[in-house]
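The values are calculated or read from the model by the stated rules, or taken from the named source; none is laboratory data. The structure displayed is predicted, hence computed values, not measured ones. Note: ideal-geometry Cβ built from the backbone for every residue, glycine included; neighbour counts use all protein chains shown. These area figures cover heavy atoms from the full protein model, side chains too; ligands, DNA and RNA do not enter into them. Shrake-Rupley method; radii C 1.70, N 1.55, O 1.52, S 1.80 Å.
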Amino acid sequence: MYRFYLRAFLLALLAFAVAIWAPVAFAASENSLQIPQLKAGRTRPLIVIAADNQGTETTDLVVPYGIIRSAGVADVLVVSTHAGVVDLMPALKIKPDTTMSEFDQAHPEGADIVIVPAMHDDRSRDVIAWIRQQSSKRAMVVSICEGARLAARAGVFEGKRATTHWYAFDKMRRTFPHAQWVRNQRYVVDGNVMSTTGVTASIPASLALVEAIGGTAKAQSIAARLGVDGWSASHDATPFRMTSGRLWRFAGNYLAFWNHETIRLPVQDGFDEIALALTADAWSRTFRSQAVVAEKAASIRSRNGLLLAPDFSRDIGASVVEIPTLPSARVLDDALSQISERYGSRTSDIVMLQLEYPAKH
């Protein structure tokens, strides 16, 4: 009798384990990332990061650029809607490598991968048409954060799994019901499209791209250099929600205009573009401060070739905040700590909320 019950118990335990783990394994296989076949004549992928000159999210653009360029596994270009400086939001300005029309003339076969950051004008006809055109040429489309709005309007999520920033999630699900919107995954891959949750998900998503192109050892090397443990898609979106306390903190910081200040970030040639982006993004989301680079130079080149356009007209009366010499991703923790010391923990909390940055880090 004892053996009967023991056997029944073991079978029940096995069934429970299968029920628990089978969906996880299935989800992992669904989320596997495979780079599309390269266009004729290429020996490595050509990755294009789209940018709207009128406003493109800082970290969404700079982090994939910095991570993929530092890995050396692909050619990476920033391609803007038109010539001239690209205003990043909420901070910084950069000079693009080329424009969309110039890129099309030089590469009529299209890019291999197109990365779409969040943009100020998420209904831009030019950007949406260009994404649709690149997708039709077999480019993989990767939306970062609310870049999902542009990708969805281009039709690339039709019938596919996708995700986006926690704040936009429910509205996106209502507006684009033909996509399957997935919660609690830092990034989602479905065939030739990839999408991420909020801003800081650009880090694991970029590492996943590096792994798919250059292998796991290469991605591990870059992750160690960044100071991150891995690039898993696992994510708990539960803490990211608007509460009355957070609303009051947003309002209180915004309305206390007499306490607002400019934060100047000293930068020179060879700067760490990832560390700068994370620092500037964080300080510019406090609703108390705006980060600027105010060096008196026409442009400053990062360690991986990004051209920064300083805003040297705004250095008067600014408080200087030095970017520490730390692994790139860990600089964000330092910025959040400084913000907490300067403005209080409730302000660092709303910064993390906007960046969808897990508190456990």
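In region 281-312, whose amide N lies under 19 Å from the spot 7 Å out along Cα-to-Cβ of Arg346? List them in ranges.
Zone members listed by number: 285-289.
Could you compute how much accessible surface Tyr167 exposes when probed at 1.4 Å, giving the result in Å² to the nearest 10?
Its accessible surface works out to 150 Å², give or take rounding.
Per the helix-only calculation at 222 nm, which mean residue ellipticity applies to the chain, given -39500 (n - 2.57) for every DSSP H run of n ≥ 4 and division by its residues, nearest 500 deg cm²/dmol? Please list the in-between numbers first.
On the way: 12 runs with 150 residues, N = 361.
Calculated from helices alone, the mean residue ellipticity at 222 nm is -13000 deg cm²/dmol.
Rounded to a whole number of µm²/s, how large is the Stokes-Einstein D of region 120-177 at 4 °C and 1.567 mPa s, given Rh as the Kirkwood radius over C-alpha pairs? Mind showing how you got there, number by number?
Values: Rh = 11.5 Å.
Answer from the Stokes-Einstein relation: 112 µm²/s.
Which FRET efficiency, nearest 0.05, do Arg138 and Arg303 yield, Cβ-Cβ r, R0 41 Å?
On the way: r = 32 Å, r/R0 = 0.78.
The computed FRET efficiency comes out at 0.80.
For labels at Asn184 and Ala224 in the simple 7 Å Cα→Cβ model, what's the distance in nm?
3.3 nm
Between helix 202-214 and the chain, what is the angle of the helix's C-alpha long axis to the longest principal axis, kept within 0 to 90° and rounded to the nearest 10?
Once rounded, the angle reads 70 degrees.
Suppose R0 equals 41 Å; then what is the FRET efficiency for Glu102 and Ser319 from their Cβ-Cβ distance, rounded to the nearest 0.05? All intermediate terms of the calculation are to be shown ahead of the outcome.
Values: r = 39 Å, r/R0 = 0.96.
Once rounded, the FRET efficiency stands at 0.55.
Which of the trypsin sites (Lys or Arg not before Pro) found in region 164-206 are loop residues per DSSP with 15 or fewer other Cβ atoms within 10 Å of their Cβ? Spell out each step's value before the answer.
Values: sites: Lys171, Arg173, Arg174, Arg183, Arg186; in loops: Arg183, Arg186.
Filter output for region 164-206: Arg183.
Given Cβ point charges of +1 (Lys, Arg) and -1 (Asp, Glu) and nothing else, what value in debye, to the nearest 20, does the dipole of region 120-264 about its Cα centre take? Working shown, then result.
Working: 20 positive and 11 negative charges, 57 e Å.
With only Lys, Arg, Asp and Glu charged at Cβ, the dipole is about 280 debye.
Suppose the chain between Asp121 and Arg173 were pulled fully straight at 0.36 nm per residue; how much longer would it get relative to their current alpha carbon spacing? Let's see the in-between values first.
On the way: separation 52, 0.36 × 52 = 18.72 nm, distance 1.94 nm.
Stretched fully, the Asp121-Arg173 segment lengthens by 16.8 nm.
Roughly how much of His235 is accessible, in Å² to the nearest 10, using a 1.4 Å probe?
For His235, solvent-accessible area is about 20 Å².
Enumerate by residue number the trypsin sites (Lys or Arg not before Pro) in region 71-167 meeting two conditions: DSSP loop (anything except H, G, I, E, B), and at most 13 other Cβ atoms within 10 Å of the site's Cβ. Spell out each step's value before the answer.
Values: sites: Lys93, Arg123, Arg125, Arg132, Lys137, Arg138, Arg149, Arg153, Lys160, Arg161; in loops: Arg123, Lys137, Arg138, Lys160.
Those that pass, being in a loop and sparsely packed, are Arg123.
Could you give the accessible area per residue of region 261-361, probe 1.4 Å, as a whole number in Å²?
Details: 4290 Å² over 101 residues.
Computed with neighbouring chains in place, this is 42 Å² per residue.
What is the Cα convex hull volume of the chain when expressed per residue in Å³? Mind dumping the intermediate values first?
Working: hull volume 61.7 nm³, N = 361.
Spread over its residues, the Cα hull of the chain gives 171 Å³ apiece.
Which percent of the accessible area of the chain is formed by carbon and sulfur heavy atoms (probe 1.4 angstrom)?
For the chain, the apolar C and S fraction of the accessible surface comes to 54 percent.
Show the residues, 5+ positions off or on another chain, whose built amide H is closer than 5 Å to the amide H of Glu261.
Excluding prolines and chain starts, which carry no amide H, the hits are Ser289, Gln290.
Please determine, in degrees from 0 to 90 and to the nearest 10, the orientation of helix 244-255 with respect to the longest principal axis defined by the Cα atoms of the chain, where the helix direction is its Cα long axis.
The angle comes out near 10 degrees.
Expressed as an acute angle from 0 to 90° and rounded to the nearest 10, what is the orientation of the C-alpha long axis of helix 330-343 relative to the principal long axis of the chain?
70 degrees
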